[in-house]
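Chemist: Supplied in structure tokens, the structure appears directly below.
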């Protein structure tokens, strides 16, 4: 798995996710004494579990989505530790496939009227990255989604599930 990292200049403008915190909240539901044990339990490479634990790479979207769907966990708690931990009783869990298109579409809708070039400049990315998001070739990265949550007054729940 390839992880995207921001350089020092980018991290000054874009808030970083607490990837270790995400991992700690994630393993509350998959208790394991070691990342190796977690890897065996989830059927993943043990080096990936160690990267999650060290905060070098975030837990994958698909793993987080599965947890949110299965346990009714709120995205805002899972990603940032914000209360409440669980969705309100009676609120449906989504249980739909991971939808990169929907996430990209909702993210891009937060910047109406901006050309791909202007949006790339505002977000500190190459224009090709924005092109790839617009055409669902790749997923908007974590830090840019966090930027939307922090500065566009949207929730992780809306951004990730609609």
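The values are calculated or read from the model by the stated rules, or taken from the named source; none is laboratory data. Computed from a predicted model, the values in this text were never measured in an experiment. Heads up, the Cβs are rebuilt from the backbone with ideal geometry, glycines too, and the neighbour counts pull from every protein chain shown.
Chemist: Specify which of the listed residues (55, 72, 81) is within 26 Å of residue 38 (Cβ to Cβ) and in contact with a strand residue (DSSP E or B) (Cβ under 6 Å, 6 or more places away or on another chain). Steps first, please.
Modeler: Details: 55 fails: in contact with a strand residue (DSSP E or B) (Cβ under 6 Å, 6 or more places away or on another chain); 81 fails: in contact with a strand residue (DSSP E or B) (Cβ under 6 Å, 6 or more places away or on another chain).
Answer to the selection: 72.
Chemist: Grab the helices (runs of 4 or more DSSP H) fully contained in region 20-77, keeping just those with 1 or more residues being loosely packed, with under 14 Cβ neighbours inside 10 Å and within 13 Å of the chain's Cα centre (by Cα).
Modeler: Working: elements: 35-42, 46-54, 61-71.
Per the criteria, 61-71.
Chemist: Right, another one. Given the conditions (1) out of contact with any helix residue (DSSP H, G or I) (no Cβ under 8 Å at 6 or more places or on another chain); (2) in contact (Cβ under 8 Å) with a residue 24 or more places away in the chain; (3) part of a loop (DSSP other than H, G, I, E, B), report the number of the one that residue 112 does not fulfil.
Modeler: Tallying (1) out of contact with any helix residue (DSSP H, G or I) (no Cβ under 8 Å at 6 or more places or on another chain); (2) in contact (Cβ under 8 Å) with a residue 24 or more places away in the chain; (3) part of a loop (DSSP other than H, G, I, E, B), residue 112 fails exactly one: (2).
Chemist: Could you grab me the full set of residues in region 146-158 that are assigned to a helix (DSSP H, G or I) and surrounded by fewer than 20 Cβ atoms within 10 Å (Cβ to Cβ)? Steps first, please.
Modeler: Here is the first cut: in region 146-158, the residues assigned to a helix (DSSP H, G or I) are 146-151, 156-158.
Correct list: 146, 150, 151, 157, 158.
Chemist: Ok, one more. Please pick out the residue among 146, 105, 152, 126 that is outside the structural domain of residue 62 (by TED's automatic domain parsing) and more than 17 Å from the chain's Cα centre (by Cα).
Modeler: Exactly one residue qualifies, and that residue is 126.
Chemist: Being surrounded by fewer than 19 Cβ atoms within 10 Å (Cβ to Cβ) and within 21 Å of residue 67 (Cα to Cα) is the filter here, so list the residues in region 110-145 that pass it.
Modeler: Hit for region 110-145 is 139, nothing else.
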